[in-house]
């Protein structure tokens with residue numbers, strides 16, 4: 001099976017749909033991809049957009065579990081919470097790697113074709129390389145890469161020279177992005193807006209935090225991404241997952257969660273991230289909400 005550039009028939013302007021595709025991806029696990037994906041989807045729904053979500057991690061199914069938790073919690077409490085039109089691309093049971101890849105590819109393209117009827121499609125990728133995440137990355141209009149505030153988490157993007165703050169070579173994830181960008185050009189697709197989101201930022205300013213910020217600022221124009229602040233390290237995100245809630249749901253009528261300063265701060269962070277992504281038709285709605 002070729003793990004390089006993947007091809008697809010699903011393109012804008014071919015009658016499939018008009019959805020703006022936001023892919024949340026990073027080959028480093030634990031960076032907050034699913035939390036970011038779910039909060040983006042719910043934020044867009046609260047702004048009045050129709051949103052579809054696709055989970056291409058058929059093993060862990062984290063986004064699928066989040067959506068299922070949300071449906072169960074809303075039904076149990078008689079709440080009319082906005083829910084995305086969700087799809088899970090399941091792993092193929094076929095023994096042949098070639099047959100499994102073909103089956104998963106067709107399942108993904110079929111899911112995407114339906115999802116593109118929405119205003120936005122949010123795709124959550126696993127923290128690993130593979131056929132499906134590569135195929136998903138090609139579809140991205142906006143690529144969101146959550147990154148913990150650590151040089152360990154920077155390594156999949158750029159490997160640094162030992163003992164220095166100088167880049168030495170491309171990391172494995174950046175190599176994949178490079179390949180997918182080349183494939184997009186071959187398919188004559190529009191450019192990719194890549195946003196690296198700094199998640200789990202601590203409130204404290206320290207030497208490592210400043211150094212990483214400096215490195216990202218230098219790399220951004222060279223590699224071709226923008227940097228945006230994401231979500232802080234908050235216990236509430238783990239708690240909200242169990243009920244399928246987001247920080248934007250807390251405070252709504254009937255939601256049995258006591259709003260705290262942490263919830264309010266998380267809400268500001270999410271809305272700030274949504275604005276920083278420069279998504280079509282979003283700013284005007286955010287201005288109206290303010």
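FYI, it's all coordinate maths here, none of it is from the lab. Keep in mind that this is a model prediction, so the values were computed, not measured. In this analysis, Cβ positions are derived from the backbone assuming ideal geometry, glycine residues included, and neighbour counts consider all displayed protein chains.
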What relative contact order, as a whole-number percentage, does the stretch 176-290 give when Cα pairs under 8 Å and 6 or more residues apart are counted? 22 percent
Stretch residue 76-residue 284 to full length: gain in nm at 0.36 nm per residue minus the Cα-Cα span? 71.4 nm
Just want the ordering: 120, 108, 151, from fewest to most Cβ atoms lying within 10 Å of their own Cβ. 151, 108, 120
Build a GNM of the chain with springs between Cα atoms under 10 Å: which of 109, 157, 165 gets the top mean-square fluctuation? 165
Of all DSSP beta bridges in the chain, what percent run antiparallel (nearest 5)? 10 percent
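With an 8 Å cut-off on Cα pairs and a minimum separation of 6 or more residues, tell me the relative contact order of the chain in percent.
Contact order relative to length: 24 percent.
Based on other C-beta atoms within 10 Å, arrange 57, 75 from fewest to most.
Working: 57 22, 75 10.
Ascending number of Cβ neighbours within 10 Å: 75, 57.
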Which of the following values of Rg/Rh (Cα atoms, Kirkwood Rh) was calculated from the structure shown: (i) 0.98; (ii) 0.96; (iii) 1.08? (ii)
With label points built 7 Å along Cα→Cβ from the Cα atoms of residue 265 and residue 235, find their separation and express it in nm. 1.3 nm
Could you pull out which residues in the stretch 33-70 have an amide N less than 19 Å from a spot 7 Å beyond the Cα of residue 90, following the Cα-Cβ vector? 53-69
With springs connecting C-alpha atoms under 10 Å apart, model the chain as a Gaussian network and identify which of 140, 97, 228 has the largest mean-square fluctuation. 97
For 186, 87, order by how many other beta-carbon atoms lie within 10 Å, fewest first: 186, 87
